[in-house]
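Colleague: Let me begin by handing over the structure; questions about it come next.
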């Protein structure tokens, strides 16, 4: 099977590719920018670089181009987030903003459920403080 044929069958392509993921991330970071619990976890004044990294990560995770790994190496999510106190409250607020991002795009119920299940797992995995 050629790479083009296998890539065409990915979840990334199925949900609308980069455009869909970028929209989810855009809405997510719009919420984070005004969230008093989450905003301090993003030390850069401009959230643009964080949004670009999350977009690249999700694109790669769901079967799109591997730009994230090419530019940043292995995701190492827990290690990269270790310097920040990710509490259950922060997780819940993060999930609420991500939910808004998913709600902003028109995924099928099955696609939404698959994306949401992964996001919930990832958010729970990153909790590192009480």
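Colleague: Using a basic spin-label model with each label point 7 Å from the Cα along Cα→Cβ, how many nm lie between residue 45 and residue 120?
Modeller: Result: 4.0 nm between the two label points.
Colleague: Based on the Cβ-Cβ distance from residue 108 to residue 18, what FRET efficiency comes out when R0 is 22 Å, to the nearest 0.05?
Modeller: Computed FRET efficiency for residue 108 and residue 18: 0.75.
Colleague: How long is the gain from residue 53 to residue 130 if the chain were fully straight, where each residue apart is worth 0.36 nm and the alpha carbon distance is subtracted?
Modeller: Details: separation 77, 0.36 × 77 = 27.72 nm, distance 2.64 nm.
Fully extending the segment from residue 53 to residue 130 adds 25.1 nm.
Taken together, the values in this text are just the output of simple stated rules run on the coordinates, not laboratory data. Only a predicted model underlies this, so the values are computations on that prediction, with no experimental measurement involved. Here the Cβ is made from the backbone with ideal geometry for all residues, glycine too, and neighbour counts use every protein chain on show.
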